[in-house]
Amino acid sequence: MKKYNFNAGPSMLPREVIEKTAQQCLDFNGSGLSLMEISHRAKDFQPVVDEAVALVKELLQVPEGYSVIFLGGGASLEFCMIPYNFLIKKAAYLNTGVWAKKAMKEAKLFGEVVEVASSADANYTFIPKDWTVPADVDYLHITTNNTIYGTEMRKDLDVNVPLIADMSSDIFSRPIDVKKYDAIYAGAQKNLAMAGVTIVIVKDEKLGKAPREIPTMLDYRTHVEKGSMFNTPPVVPIYSALETLRWIKKNGGVETMDKLAQKRAEIVYGEIDRNKLFRGTAATEDRSLMNICFVMNDEYKELEKEFLDFAVSKGMVGVKGHRSVGGFRASCYNAQTIEGCEALVACMKEFEAKH
């Protein structure tokens, strides 16, 4: 039986990315050595990093004056590194979910944190609107997509302060106006690579301003100056990221990824809205194209486990919702296929027909 992977992360990768990375794990560039055992200082590996950086800049149209680096520690480490490097006195945070809240917690270790708005009281089912940012903050931090609650900010904000974004779960799914940001970071395990590497895009002139000594490994300047090679980088995840970036370029770039994301969402949300058994959990105008969250309508609540078991029996993997929301979640990152979305819809229709 064919499996359809809707896991929220680590998540589905294009099949050719998996196969090409696996080939290099057996024999890297004909060297007779595995990608897993070569030195990161080997002459054959530096071109991997160089091409990956170049493709990030090409696909996202990163302007001059920005650096692209690959780090370890996931986005969770960036929650600390961002304020360590950018917070001088006060920072603003938009609280749109668990990950935004975790980022705020770390920032409070370094200075004053202003929560400009929050949708916590509504279990983060919408993106707050009509909020203002204090003019004297060092930066505004946003989380563009919320994997747990299924909300997304799919347009770049226009604000009068430096903007920093956690784009872990929607980077490379749409065009980004990078010049609007001082920093963008993303754990790779949704839209870019296997778990283990984090991508950071940072505006060079904004580094070195924080009024504190920064440990060497937590200072962005260290990694910019050493080209992500200050210490041993996550070699295999960086290579899988390279293959994904090649795949994105070959398939039309982020403009095409955006169109496909919208098409996938139309298919799945369309069925959620049509089907008598289900309803979406996020405000319609804020629905994520990456993480589609839904639950049983109240009168069919008792069928939740039965539907989950049924979906699994039909090859759906990872559709159980996060424990804080319940219900179901279909994660539709770049690698998700139209076929996969249609298979999920067919499963929902078949289950409806039984009830």
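The values are calculated or read from the model by the stated rules, or taken from the named source; none is laboratory data. In this text, all values refer to a predicted model and were calculated from it rather than measured experimentally. Positions of Cβ are backbone-derived with ideal geometry, glycine not excepted, and every protein chain shown enters the neighbour counts. Only protein heavy atoms, including side chains, enter the accessible area calculation; ligands, DNA and RNA are left aside. Shrake-Rupley method; radii C 1.70, N 1.55, O 1.52, S 1.80 Å.
Pairs linking a residue in region 3-24 that is more than 23 Å from Asn146 (Cβ to Cβ) to a residue that is among the hydrophobic types (A, V, I, L, M, F, W, C) and modelled with pLDDT of 95 or more, with Cβ atoms under 6 Å and 6 or more positions apart or on different chains, are Lys3/Val317; Pro14/Trp247; Pro14/Ala335; Val17/Trp247; Gln24/Leu35. The test for being at pLDDT below 95 and surrounded by fewer than 16 Cβ atoms within 10 Å (Cβ to Cβ) holds for Pro211.
Kindly indicate whether Phe351 is at pLDDT 95 or above, part of a helix (DSSP H, G or I) and open to solvent by less than 10 Å² (accessible area, probe 1.4 Å).
On the way: at pLDDT 95 or above: yes; part of a helix (DSSP H, G or I): yes; open to solvent by less than 10 Å² (accessible area, probe 1.4 Å): yes.
Yes; evaluated as a whole, the condition is true for this residue.
The set of residues from region 1-60 being out of contact with any Asp or Glu (no Cβ under 7 Å at 6 or more places or on another chain), among the charged types (D, E, K, R) and part of a helix (DSSP H, G or I) comprises Arg15, Glu16, Glu19, Asp50, Glu51, Lys57, Glu58.
Just one of the numbered conditions (1) open to solvent by less than 30 Å² (accessible area, probe 1.4 Å); (2) in a loop (DSSP other than H, G, I, E, B) is not true of Tyr269: (2).
Restricting attention to region 48-55, does a residue exist that is under 15 Å from the mean Cα position of the chain (by Cα), over 23 Å from Ala210 (Cβ atoms) and surrounded by 20 or more Cβ atoms within 10 Å (Cβ to Cβ)? Steps first, please.
Just the residues of region 48-55 that are under 15 Å from the mean Cα position of the chain (by Cα), to begin with: none.
Among the residues of region 48-55, not one is under 15 Å from the mean Cα position of the chain (by Cα), over 23 Å from Ala210 (Cβ atoms) and surrounded by 20 or more Cβ atoms within 10 Å (Cβ to Cβ), which makes the answer no.
When Lys276 is tested against (1) within 30 Å of Met1 (Cβ to Cβ); (2) of a type outside the set (Gly, Ala, Ser); (3) out of contact with any His (no Cβ under 9 Å at 6 or more places or on another chain), only condition (3) is not met.
Among the residues of region 248-257, none qualifies, meaning not one is assigned to a loop (DSSP other than H, G, I, E, B), of a type in the set (Asp, Glu) and either modelled with pLDDT of 95 or more or over 19 Å from Ser173 (Cβ atoms) (or both).
Criterion applied to Glu271, Glu302, Glu350, Glu339 was being under 28 Å from Val17 (Cα atoms) and acidic (Asp, Glu), and the one residue passing it is Glu339. All told, Tyr124 falls short of being surrounded by fewer than 23 Cβ atoms within 10 Å (Cβ to Cβ) and either touching an Asp or Glu at 6+ places or on another chain (Cβ under 7 Å) or aromatic (Phe, Trp, Tyr) (or both).
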